[in-house]
Structures are given as C-alpha cells and as structure tokens.
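First the structure, in the form of structure tokens, and then the observations on it.
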Amino acid sequence: MATKSALEDEEKKYFEKCVHSFRFYRKHALENLRKNNKDFHALPTRHQSMLKNFMAKQKEVKRCIEMNYMFILHMLDDVQDIFNPHEELNNTSSSDSSDPLEVMEHQDSITGE
C-alpha cells in the first residue's frame, strides 16, 4: 500500500500535468486554426467559394480561443499554492500570457487577414 506522501506526490505530478495542458491550450488551438486556414487556402478557388463564411467563422473561433485562454489563466491564478503555499508549480508558459487582442492583431498581420 502506498504511503500518504507517495500518493500526494503522485497527485501533485498529475495536477502539474493538467496545469501544463491548460497552459498550452491556446498554442495548440491556434496551431490547429492555422492548419485549417492553410488547408482552406490550398483548395481551388471554386471550392473555397462554396464555403462562403469560412474565414468569418475562423475569426470567431480565434476570438473564442483567446477568450477561453483568458478564462484558463484566471482559473489557474491561484493554483501555485494548492499543495504548498510556499512552493510554486513549474511554470511552463512562455509568452502565452500576452494581451489577447495584441496577439490577434499580430497574427492577423501575419496571415494577411
């Protein structure tokens, strides 16, 4: 039978993996969105014209991803002290905590939208 300390360590590792997954939600979701846009633009023009609202819907998806990520960051604000108030979790986020509107404008300038 596992000791209480071993179970707590295992739970902490699992929790940190979950937090890590949440922190990379935005990056992963935006990569999928870019792939969808690339695939759309690879279609013949005739086929693109059949998907009249595709780009407008993609912009809305991007906006939703950014808003979801802001919610996730807010949700994760206080998780560092969940196991030990004096110990921080491994913070794996990089520049993902940027202002979402600034990020969206930058990405739009890259994709030409």
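The values are calculated or read from the model by the stated rules, or taken from the named source; none is laboratory data. Everything numeric here is computed off the predicted structure, so don't read it as measured data. Cβ atoms come from the backbone with ideal geometry, glycine included; neighbour counts cover every protein chain shown. Side chains included, ligands, DNA and RNA excluded: accessible areas come from the protein's heavy atoms. Shrake-Rupley method; radii C 1.70, N 1.55, O 1.52, S 1.80 Å.
Determine if region 3-11 includes at least one residue that is aliphatic (A, V, I, L, M) and either in contact (Cβ under 8 Å) with a residue 40 or more places away in the chain or loosely packed, with under 10 Cβ neighbours inside 10 Å (or both). It would help to see each step written out before you state the result.
Taking region 3-11 as the starting set, the residues that turn out to be aliphatic (A, V, I, L, M) are 6-7.
Applying the additional criterion that residues be either in contact (Cβ under 8 Å) with a residue 40 or more places away in the chain or loosely packed, with under 10 Cβ neighbours inside 10 Å (or both) yields none.
No: zero hits.
When region 45-80 is examined, which residues are found to be more than 30 Å from PHE15 (Cβ to Cβ) and surrounded by 13 or more Cβ atoms within 10 Å (Cβ to Cβ)? Walk me through how you get there before you give the answer.
Within region 45-80, the first condition is being more than 30 Å from PHE15 (Cβ to Cβ), and the residues that meet it are 45-60.
Matches in region 45-80: GLN48, PHE54, MET55, GLN58, LYS59.
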Task: Residue that is over 28 Å from HIS74 (Cα atoms) and in a helix (DSSP H, G or I), where the choices are ARG46, ARG26 - done: ARG46
TODO: Please enumerate the residues belonging to region 1-34 that are at pLDDT 95 or above and of a type in the set (Asp, Glu).
DONE: GLU31
- [ ] Quickly run through region 35-83 and pick out the residues that are at pLDDT below 95 and of a type in the set (Asp, Glu).
- [x] ASP77, ASP78, ASP81
Task: Subset of region 23-44 (residues that are under 13 Å from the mean Cα position of the chain (by Cα) and open to solvent by less than 50 Å² (accessible area, probe 1.4 Å)) - done: ARG23, ARG26, ALA29, LEU30, LEU33
